[in-house]
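Let me begin by presenting the structure, written as structure tokens, before commenting on it.
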Amino acid sequence: MSANERPVILTGDRTTGPLHLGHYAGSLKNRVALQHTHEQFLLLADMQALTDNADDPAKVSRNVLEVAFDYLAVGIDPALTTICVQSALPALAELTMLYMNFVTVARLERNPTIKTEIQLRGFGRDVPAGFLCYPVAQAADITAFKATLVPVGDDQAPLIEQTNEIVRRLNRQIGHALLPEAEAIIPTVGRLPGIDGKAKMSKSQGRAIFLSASPDQIREAVRQMYTDPTHIRAADPGTVEGNVVFTYLDAFAEAPDMVDDLKARYRQGGVGDSVVKRDLDAVLQALLAPIRERRARYAADPGYVMDLLRQGTFRARERTQATLEEVRSALGLFSL
Ligand code: TRP
């Protein structure tokens with residue numbers, strides 16, 4: 001299959017902070033594999049990050065490079081994947097504006113992802129208009145590249161559904177299938193909990209293990225990790241379900257047989273938390289050491305990474321501009 005016949009992938013991350021193990025299990029790992037068989041674009045979503053960080057644009061801007069370092073550190077290859085900056089792609093903003101007319105406020109308020117996030121952030125009716133409408137912008141992101149596959153965490157599935165509704169509505173208006181529908185690629189491992197066992201591995205609340213974590217930070221995070229509070233002595237039978245150490249072992253250990261064996265012995269009694277934590281520490285140290293080293297090398301040469309972002313964004317600009325022109329002309333917008 002030649003490069004330009006490959007199915008197109010578009011996905012991205014808000015640039016609000018460096019990425020962590022939750023991102024790795026949730027989608028980075030998939031992206032590293034898919035870049036060999038697909039034409040892949042990764043979007044550093046700084047415009048979307050602003051929709052709930054308007055009080056700190058400097059943070060959003062600073063983290064564009066941080067997330068780029070993370071991409072490269074986990075093995076995203078700039079020769080295979082195009083990395084681009086959302087705010088430098090004006091076609092996305094223009095498509096968002098057009099798509100806004102093909103979706104209702106009521107539908108956006110019913111979007112499960114948006115609904116949960118509005119509750120979580122306590123916005124109520126004072127939700128920023130940009131935030132309420134970010135699913136429309138995400139539809140613009142996906143369709144501007146004519147992507148048919150979107151690797152994301154499970155929380156993003158309603159956004160892909162929303163995208164496809166906009167696509168169908170627009171195609172109906174135009175009278176032919178100009179834009180393709182997209183499919184989410186969601187990892188089979190469930191969402192990774194924070195080290196305290198609560199919610200998801202959020203960046204802000206001290207529950208995350210960053211891809212850049214030092215050996216000591218990894219060790220300390222594993223030491224603090226929530227296990228089974230009723231498993232007091234090593235001899236006591238322990239519970240594996242909801243035990244974060246086992247959830248992480250399931251997500252990251254190379255040898256599932258080893259984990260199954262450990263689970264059986266833990267359930268029976270006779271295996272202390274310190275033993276399973278030592279195993280997990282070894283797994284995470286081995287996983288993150290090469291990532292940390294590669295990340296440090298890229299971070300030491302930001303000029304090189306900036307050049308990659310310029311080249312990637314330039315390629316993405318041509319692609320997105322072409323789609324915008326097609327949509328404008330298919331809708332019959334006035335042309336000077
Ligand atoms: N919503 C994604 C996140 O919160 C980021 C994102 C922006 C995205 N545009 C996208 C994901 C397009 C997939 C496709 O991290």
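The values are calculated or read from the model by the stated rules, or taken from the named source; none is laboratory data. Source: prediction; values computed, not measured. Cβ placement follows ideal geometry from the backbone for every residue including glycine, while neighbour counts extend to all protein chains displayed. Each accessible area value is taken on the protein alone, full model and side chains, heavy atoms only, with ligands, DNA and RNA left out. Shrake-Rupley method; radii C 1.70, N 1.55, O 1.52, S 1.80 Å.
Dipole magnitude for the range 70-214: about 380 debye, using +1 per Lys or Arg Cβ and -1 per Asp or Glu Cβ, origin at the Cα centre.
Contact order, relative form, for the chain: 22 percent (alpha carbon pairs under 8 Å, 6 or more residues apart, mean separation divided by residue count). Of the GluC sites (Glu not before Pro) found in the range 184-269, those in coil by DSSP whose Cβ has at most 11 other Cβ atoms within 10 Å are Glu241, Glu254. Ignoring ligands, DNA and RNA, what percent of the accessible area of the chain is carbon or sulfur (1.4 Å)? In the chain, the share of accessible area belonging to carbon and sulfur is 54 percent. Computed over the range 1-95, relative contact order equals 38 percent, with contacts defined as Cα pairs under 8 Å that lie 6+ residues apart. As I understand it, the value is the acute angle between the Cα axis of helix 57-74 and the longest principal axis of the Cα atoms of the chain; what does it come to in degrees, rounded to 10? Rounded to the nearest ten degrees, it is 70. The GNM of the chain, with springs linking C-alpha atoms under 10 angstrom apart, assigns the highest mean-square fluctuation among Val127, Val60, Val150 to Val127. Across the range 43-53, rounded Karplus estimates of 3J(HN,Hα) from the backbone phi angles (6.51 cos²θ - 1.76 cosθ + 1.60, θ = phi - 60°) give 9, 7, 8, 6, 5, 5, 4, 5, 5, 10, 9 Hz, Gly and Pro being marked x.
In this view, the solvent-accessible surface of Asp250, computed with a 1.4 Å probe and all protein chains in place, comes to about 80 Å². Expressed as an acute angle from 0 to 90° and rounded to the nearest 10, what is the orientation of the C-alpha long axis of helix 273-299 relative to the principal long axis of the chain? Roughly 40 degrees, rounded to the nearest 10. Note on the range 57-127 and the range 219-243: Cα centroid distance 37 Å, given to the nearest whole angstrom. Only Lys, Arg, Asp and Glu carry charge here, each on its Cβ (+1 for the first two, -1 for the last two); on that basis the chain has a dipole of about 300 debye about its Cα centre. Between the C-alpha center of the range 320-336 and that of the range 252-296 there is a gap of 53 Å.
When the Cα positions of Leu262, Ser212, Val275 are compared along the charge dipole of the range 212-291, Val275 comes out farthest toward the positive end, with charges on each C-beta of Lys, Arg, Asp and Glu. A 1.4 Å probe run over the protein chains yields, for the chain, 47 Å² of accessible area per residue, whole-number rounding. Summarising the amide proton neighbourhood of Ala184: residues at separation of 5 or more, or on other chains, whose placed amide H is nearer than 5 Å comprise Val150. Near the amide H of Leu211, within less than 5 Å, lie the amide hydrogens of Leu19, His20, Leu21, all on another chain or at least 5 residues away, with H placed in the peptide plane. FRET efficiency for the pair Glu293 and Asp155, taken as 1/(1 + (r/R0)^6) with r the Cβ-Cβ distance and R0 = 25 Å, rounds to 0.25. Axis angle, to the nearest 10 degrees, between helix 134-144 and the longest C-alpha principal axis of the chain: 70 degrees. Kirkwood-type hydrodynamic radius, the range 1-149: 16.3 Å, calculated from all non-identical alpha-carbon pairs. Counting Lys and Arg as +1 and Asp and Glu as -1 over every other residue whose Cβ lies under 10 Å from the Cβ of Thr11, the net charge comes to -1. Each Lys and Arg Cβ is given +1 and each Asp and Glu Cβ -1; about its Cα centre, the range 289-336 then shows a dipole of about 240 debye.
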